[in-house]
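Participant: Attaching a single structure in structure tokens format; questions to follow.
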Amino acid sequence: MIPDTYTESFVLRGTAAGNTLRLVGIDATHLVEEARVRHGLSKTATAALGRTLAASALLAVVLGKKPDSRVTVRVQGGGPVGWIVAEGSADGRVRGYVREPGADLPLREADGKLDVRGIVGTDGELGVTRLLDNGEPYTGSAALVSGEIAEDVSAYLGVSEQIPNAVLLGVYEEGGRVYRAGGLLVQAMPGVTDETLARLEANIRGMGQLTDHLRRGSLLETMHTAADGLGLVLAAAAQPARFQCRCSREKALDSLKFFAPDERQEMRDDGGQEVVCHWCGEHYQITPGEIAGLDAEVERARA
């Protein structure tokens with residue numbers, strides 16, 4: 001079933017123009033709102049991370065080789081927000097964070113919109129890490145062209161992956177929360193004609209800002225508009241998408257193995273240790289007893 005409302009985040013896939021265009025769209029409203037709450041993000045930081053989260057989910061579908069393939073996107077442009085990192089999985093799971101979640105900038109004077117370019121910066125690069133067919137990680141990168149994320153992802157796909165494409169990303173906030181967020185990636189496939197590309201370009205140009213289109217309708221309507229006149233064929237069902245981290249209490253405890261024994265003893269003397277996952281902001285309270293058990297495990301491993 002394909003949703004036409006915003007009760008959850010989801011991914012839609014389709015083809016057009018006789019399978020010479022591939023379309024992947026995501027309604028990321030709820031997962032971006034969860035990221036905002038988890039990390040205590042400012043308005044502009046929410047927009048920057050939200051766009052990157054949506055991009056990571058789309059890239060995982062386009063670049064992934066397996067149903068659970070993961071793609072990590074890292075943006076570092078020298079702006080106030082510092083770096084941005086997002087990981088997307090082809091099965092709809094995403095997670096991510098920014099270095100400075102409280103960083104913010106005034107609205108742009110020219111149009112009153114969030115200054116994503118300003119908070120991200122343009123002096124840097126966008127890197128994408130994925131697994132190759134042999135299981136080895138591969139990282140490609142491209143210089144930032146705008147700091148707006150969508151144009152930067154598009155440039156990366158064109159330069160590093162040689163994939164002709166169009167990318168739209170957006171986050172709209174209202175009333176102190178994420179009201180609409182999403183993304184659309186259109187990939188040109190072998191055999192695409194100049195006439196098809198011209199029609200696609202005209203359609204996308206006529207859409208304007210993605211968030212404006214999402215506010216007026218739905219992701220489903222947005223994809224139909226992008227492929228107007230090109231015979232869009234959608235997959236039969238939407239795929240749920242969600243903000244989901246891979247951290248756990250066991251991993252948090254295991255991370256304390258990298259501390260020296262005297263440092264772990266100090267943690268025990270202080271009544272335990274709090275471990276915070278930078279990916280999702282989850283807090284794990286590790287007890288003195290658990291740390292003592294970890295010390296015993298380390299000693300057994302050395303024996």
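Participant: Considering only residues that are under 17 Å from the mean Cα position of the chain (by Cα) and not acidic (Asp, Glu), which ones fall in the stretch 94-106?
Facilitator: Val94, Arg95, Gly96, Tyr97, Val98, Arg99, Pro101
Participant: Of all residues being of a type outside the set (Asp, Glu) and without any contact (Cβ under 8 Å) to a residue 24 or more places away in the chain in the stretch 166-187, which is farthest from Leu144 (Cα to Cα)? Just the residue, please.
Facilitator: Per the stated criteria, the residue is Gly175.
Participant: All but one of (1) surrounded by fewer than 24 Cβ atoms within 10 Å (Cβ to Cβ); (2) at pLDDT 95 or above; (3) among the polar types (S, T, N, Q) hold for Ser69, so report the exception by its number.
Facilitator: (2)
Participant: Would you pick out the residues in the stretch 245-291 that are of a type in the set (Gly, Ala, Ser) and within 28 Å of the chain's Cα centre (by Cα)? Let's see the steps before the verdict.
Facilitator: Of the stretch 245-291, the ones of a type in the set (Gly, Ala, Ser) are 248, 252, 255, 260, 271-272, 281, 289.
Once the filter is applied, which keeps residues that are of a type in the set (Gly, Ala, Ser) and within 28 Å of the chain's Cα centre (by Cα), the stretch 245-291 yields Ser248, Ala252, Ser255, Gly281.
Participant: Sticking with this structure for a sec: Which residue is nearest to Leu144 (Cα to Cα), if the candidates are limited to the stretch 23-81 and must be among the basic types (Lys, Arg) and in contact with a helix residue (DSSP H, G or I) (Cβ under 7 Å, 6 or more places away or on another chain)? Spell out how you get there, then give the answer.
Facilitator: Quick first cut of the stretch 23-81, residues among the basic types (Lys, Arg) only: 36, 38, 43, 51, 65-66, 70, 74.
After this cut, where a residue has to be in contact with a helix residue (DSSP H, G or I) (Cβ under 7 Å, 6 or more places away or on another chain) as well, the list is 36, 51, 70.
Working: Arg36: 24, Arg51: 15, Arg70: 22 Å.
Filtering first and then ranking leaves Arg51.
Participant: Would it be correct to say that Val145 is under 23 Å from Glu87 (Cβ atoms), over 18 Å from the mean Cα position of the chain (by Cα) and modelled with pLDDT of 95 or more?
Facilitator: yes
Participant: I've got another one for you. If the requirement is being under 20 Å from the mean Cα position of the chain (by Cα) and modelled with pLDDT under 95, which of these qualifies: Leu210, Leu169?
Facilitator: That would be Leu210, the only listed residue that is under 20 Å from the mean Cα position of the chain (by Cα) and modelled with pLDDT under 95.
Participant: Quick one: count up the residues across the stretch 100-152 that are among the small types (Gly, Ala, Ser) and touching a Pro at 6+ places or on another chain (Cβ under 9 Å).
Facilitator: Within the stretch 100-152, residues that are among the small types (Gly, Ala, Ser) and touching a Pro at 6+ places or on another chain (Cβ under 9 Å) number 3.
Participant: Hey, Tyr138 hits all of (1) outside any loop (DSSP other than H, G, I, E, B); (2) farther than 25 Å from Glu282 by Cα; (3) modelled with pLDDT of 95 or more but one; which does it fall short on?
Facilitator: (3)
Participant: Filtering the stretch 100-125 down to residues that are surrounded by fewer than 17 Cβ atoms within 10 Å (Cβ to Cβ) and of a type in the set (A, V, I, L, M), which residue is modelled with the highest pLDDT?
Facilitator: The selected residue is Leu107.
Participant: Give the stretch 162-186 a look and list any residue that's crowded, with 17+ Cβ neighbours inside 10 Å and in a loop (DSSP other than H, G, I, E, B), or say none.
Facilitator: Selection gives Ile163 alone.
Participant: Filter the stretch 187-200 down to residues that are out of contact with any Ser or Thr (no Cβ under 8 Å at 6 or more places or on another chain), closer than 24 Å to Ala60 by Cα and either surrounded by fewer than 20 Cβ atoms within 10 Å (Cβ to Cβ) or not assigned by TED's automatic domain parsing to the domain that holds Ala28 (or both), then give me how many there are.
Facilitator: Residues in the stretch 187-200 being out of contact with any Ser or Thr (no Cβ under 8 Å at 6 or more places or on another chain), closer than 24 Å to Ala60 by Cα and either surrounded by fewer than 20 Cβ atoms within 10 Å (Cβ to Cβ) or not assigned by TED's automatic domain parsing to the domain that holds Ala28 (or both): 1 in total.
Participant: Do the conditions hold for Arg117, that is, is it among the charged types (D, E, K, R) and touching a residue at least 60 places away in the same chain (Cβ under 8 Å)?
Facilitator: Values: among the charged types (D, E, K, R): yes; touching a residue at least 60 places away in the same chain (Cβ under 8 Å): no.
In short, no.
Participant: Moving on. Considering the stretch 126-142 alone, what residues qualify as being among the polar types (S, T, N, Q) and loosely packed, with under 12 Cβ neighbours inside 10 Å?
Facilitator: Of everything in the stretch 126-142, those that are among the polar types (S, T, N, Q) and loosely packed, with under 12 Cβ neighbours inside 10 Å turn out to be Asn134, Thr139.
Here is a yes/no grid of residues against (1) within 30 Å of Ala237 (Cβ to Cβ); (2) within 13 Å of the chain's Cα centre (by Cα); (3) among the charged types (D, E, K, R):
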{"residue": "Thr72", "(1), (2), (3)": "yes, yes, no"}
{"residue": "Pro80", "(1), (2), (3)": "no, no, no"}
{"residue": "Ser89", "(1), (2), (3)": "yes, yes, no"}
{"residue": "Arg108", "(1), (2), (3)": "no, no, yes"}
{"residue": "Gly112", "(1), (2), (3)": "no, no, no"}
{"residue": "Asp115", "(1), (2), (3)": "no, no, yes"}
{"residue": "Gly121", "(1), (2), (3)": "no, no, no"}
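The values are calculated or read from the model by the stated rules, or taken from the named source; none is laboratory data. Predicted model only: the values in this text are computed from it and were never measured. Please note: Cβ atoms are built from the backbone with ideal geometry, for glycine as well, and neighbour counts cover all protein chains shown.
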